[in-house]
Amino acid sequence: MFSAWRLFALLALVGLGLPAGASGAPEHAEVVFVSGGSIFAARADGGERHVLVGPTQPGEQLAYPVWSPDGATLAYVSAVAGGGDAGTGPEATRLVMFDGAASRPLTALRDGVYDSSPAWSPDGSMLAFARTTQTGNGFRSTIVTMSLATGAELTLVGVDLGGRFRSVDEPAWSPDGSTIAFTHSRLDAEYHFRPLIRVVSAAGGEPRTLIRDAQSAAWSPDGARLAFASVRDRNGRRCGSDECWYAGELYTASADGSGARRLTANKGDDARPTWSADGSRLLFTSDRNLPERDSNEVYSIASDGSCLTWLTNGTPSSGEPAWRPGTGTRYDPGSCDPGARPLLIDTPPLPRVRDGLWLGPRFDGLLLSNIQPSGREPYLAYDDCEHFDHARCPQTVLLLTEPACETFTFRGITENPYRLRRRRGALLAFAGGEENATLFSGHTVTSIQLGSRNRLADVDRIVRGLRPLGNPSPVRRLAPPRVPRRLARRLDRTAQTLRRHGTVKQTARALRISRLDVRGRLRLRKALLADGRYRYSACRR
């Protein structure tokens, strides 16, 4: 809901170089973006990609990088879950500035305070940013400016969230320094977020609405135009548990909001445009190659809507791009043909799970984009696509791993009419419809969740691609399933009771379970004993 909470992931600390000098500088300007939470740098043609800045403490996550006007200092957002004054509690965020030698916090890390979306003043002396503060009655959302010399803050705009979930965010300073544009969002009567671009004097005053159904304002370098994301076309939407928001399309307009011109048209959510120094191109974030999934990438487009391509193809969950001033004179992507751009794959650190399975860094056009590496149920999400054209992208896959020692996993199989099949030495439970498939292999149980069609042929295709974690290629056979001894005893007791009583109905009555569960236990026992014996998990009693 609040931008301060989005797109954070674990990083690796890497040094930051100063801008290249005029002598020998590469032609293509430098850009920065976030990928999986890491702040990366690359050239405007997608080359020379590398990690730029990383965390300085465990659990820290970075986002929203933006360069100072002279290209020497990077401001960004730092988030620490459970941080703040007490060391526990909700996630908090703060602003940090990195000058190439050291990081310096600009705002304090306090429980229930979320600073985000920094924007530099044209002379580099101030920052504007969004702040959401947890209060006794809920949350308050504000736009704040800060003097970098004194630390003095001025609150320009403030709204209480209330039942309409109102918020202000995404400040953008006009090139002459007099005005700040920002996004004001609230729920409408149909529980869709409806954004407005509003403007307010940088010295304070009454804000006014500039463009309706629009967000993420960005001023052109000469101040004559605005780029923004508009939701007025209703071309796709995204929904959470209780509310929805429309997908955005890129537009430009005159600085007074008139003469709007549409640049993009697709089902993806185009967001956060930013102008090149010469006004010729825009960087932006979009999930257009696999809408509604974790497939955000950084795209580049000419300011007239031509030469659309991506810069981060194969870099999962990338976005929040910004240009670095003074680092080059070319802003074009080198080629307007996205098919000619090389695929770049980053594999996040894999979880350490005994007998855990994965599909490799890429599978059938999907990219491994998100990993929950630890906890009771590590998961691997294949919900980014390596193709520019979303029509070529297959349905997404989520692999959720559980320990075989958890007998409730097996109980779910026996209490439902799953079909059990041996696949490459492992045991596959499949019911079709809305149910996820489950693969029992070694000491783990892997749930296979498909994005849409849940057919046996699709599941079999995925099972054929599975391999032990870390293996680059599929293996011929997977580890056979292992079960807890207490489960094996329960299955054997069910079979013995059936032999003694003769019917499923009487067996169910004797064991005080349902007839469906009796049949499920018998099916599972038969499948596990296909090679004549149980293999046991080393479970704690």
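The listed peptides 69-75, 246-252, ordered by packing as a protection proxy, come out as 246-252, 69-75 (highest mean of other Cβ atoms within 10 Å first). Peptide packing for 124-131, 342-349 was compared via the average number of neighbouring C-beta atoms within 10 Å per residue; ordered from the highest value, the list is 124-131, 342-349. Taking a ≥ b ≥ c as the square roots of the eigenvalues of the Cα gyration tensor of segment 329-403, is the shape rounded (a/c under 1.5), prolate (a/b larger than b/c) or oblate? Verdict is prolate for segment 329-403. Proximity of backbone amide H atoms, modeled 1.01 Å from N, is registered between R419 and F430, A431 at under 5 Å, excluding neighbours fewer than 5 places apart on the same chain. Each residue of segment 142-147 was assigned a 3J(HN,Hα) from its phi angle through the Karplus curve 6.51 cos²θ - 1.76 cosθ + 1.60 (θ = phi - 60°); the sequence is 9, 10, 10, 10, 9, 7 Hz, with glycine and proline shown as x. Residues whose amide H lies under 5 Å from that of A202, counting only those 5 or more places away or on a different chain, are T179, I180; hydrogens are built 1.01 Å from N in the peptide plane. Considering only A202, S514, T93, the residue lying farthest towards the positive end of the dipole of the chain is S514, judged by Cα position with unit charges set on Cβ.
Calculation over all alpha carbon pairs of the chain in 20 angstrom steps from 0 returns a P(r) of 20, 47, 25, 8, 0 percent.
Dipole orientation for the chain: of the candidates P373, L187, G240, P373 has the Cα lying most toward the positive pole (charges on Cβ; Lys, Arg +1; Asp, Glu -1). Remark on C244: its backbone amide H falls under 5 Å from those of H192, F193, a criterion applied only to residues 5 or more positions apart or on other chains, H modelled at 1.01 Å from N.
Ordering C539, C336 by the number of other Cβ atoms within 10 Å of each residue's own Cβ, fewest first, gives C336, C539.
The calculated FRET efficiency for the pair Q395 and E243, based on their C-beta separation and a Förster distance of 25 Å, comes to about 0.50.
With a Förster radius of 30 Å applied to the beta-carbon distance between E406 and D531, the computed FRET efficiency rounds to 0.85. Principal-axis analysis of the Cα atoms of the chain puts helix 456-465 at an angle of about 80° to the longest axis.
Translational diffusion of segment 97-201, estimated by Stokes-Einstein from the Kirkwood radius over alpha carbon pairs at 25 °C in a medium of 0.890 mPa s, is 167 µm² per second.
Considering only G319, S306, S537, and ranking their Cα positions along the charge dipole of the chain that arises from unit charges at the beta-carbon of Lys, Arg, Asp and Glu, the one farthest toward the positive end is S537. Computed about the Cα centre, the dipole magnitude for the chain is approximately 5120 debye when only Lys and Arg (+1) and Asp and Glu (-1) carry charge, each at its Cβ.
Rounded to the nearest Hz, the phi-derived 3J(HN,Hα) couplings of segment 362-373 under the Karplus curve 6.51 cos²θ - 1.76 cosθ + 1.60 (θ = phi - 60°) are 9, 8, 6, x, 8, 10, 6, 10, 8, 9, 9, x, where x marks glycine and proline. Let me know the shape class of segment 97-144, please: from the alpha-carbon gyration tensor, a ≥ b ≥ c as square roots of the eigenvalues, rounded when a/c is under 1.5, otherwise prolate if a/b is greater than b/c, or oblate. Verdict is oblate for segment 97-144. How would segment 357-528 be classified by its alpha-carbon gyration tensor: rounded, prolate or oblate, with rounded meaning a/c under 1.5 and the a/b versus b/c comparison settling the rest? The shape class here is prolate.
Note on segment 357-528: with charges restricted to the Cβ of Lys and Arg (+1) and Asp and Glu (-1), its dipole about the Cα centre is near 1640 debye. Helix-only arithmetic for the chain: the sum of -39500 (n - 2.57) across DSSP H runs with n ≥ 4, divided by the residue total, places the mean residue ellipticity at 222 nm at -3000 deg cm²/dmol. Label-to-label distance, A510 versus A457, with points set 7 angstrom from Cα along the beta-carbon direction: 4.5 nm.
Each residue of segment 435-443 was assigned a 3J(HN,Hα) from its phi angle through the Karplus expression (A = 6.51, B = -1.76, C = 1.60, θ = phi - 60°), giving 6, 7, 7, 10, 10, 9, 8, x, 8 Hz with x at Gly and Pro. The modelled label-to-label distance for the pair A102/T150, using points 7 Å beyond Cα in the direction of Cβ, is 2.4 nm. Relative contact order for the chain: 9 percent, from Cα pairs under 8 Å spaced at least 6 residues apart, divided by residue count. Report, to the nearest 10°, how far helix 485-501 tilts away from the longest principal axis of the Cα atoms in the chain, using its own Cα long axis and a range of 0 to 90°. So the helix axis and the longest Cα principal axis differ by about 40 degrees. Stretching S258 away from A431 to a fully extended chain increases their span by 56.7 nm, per 0.36 nm per residue minus the current alpha-carbon distance.
Just so you know, all these numbers are worked out from the coordinates, no wet-lab data involved. Small disclaimer: the values here were computed from a predicted structure and weren't measured. As a convention, Cβ positions derive from the backbone with ideal geometry for all residues, glycine included, and neighbour counts pool all protein chains shown.
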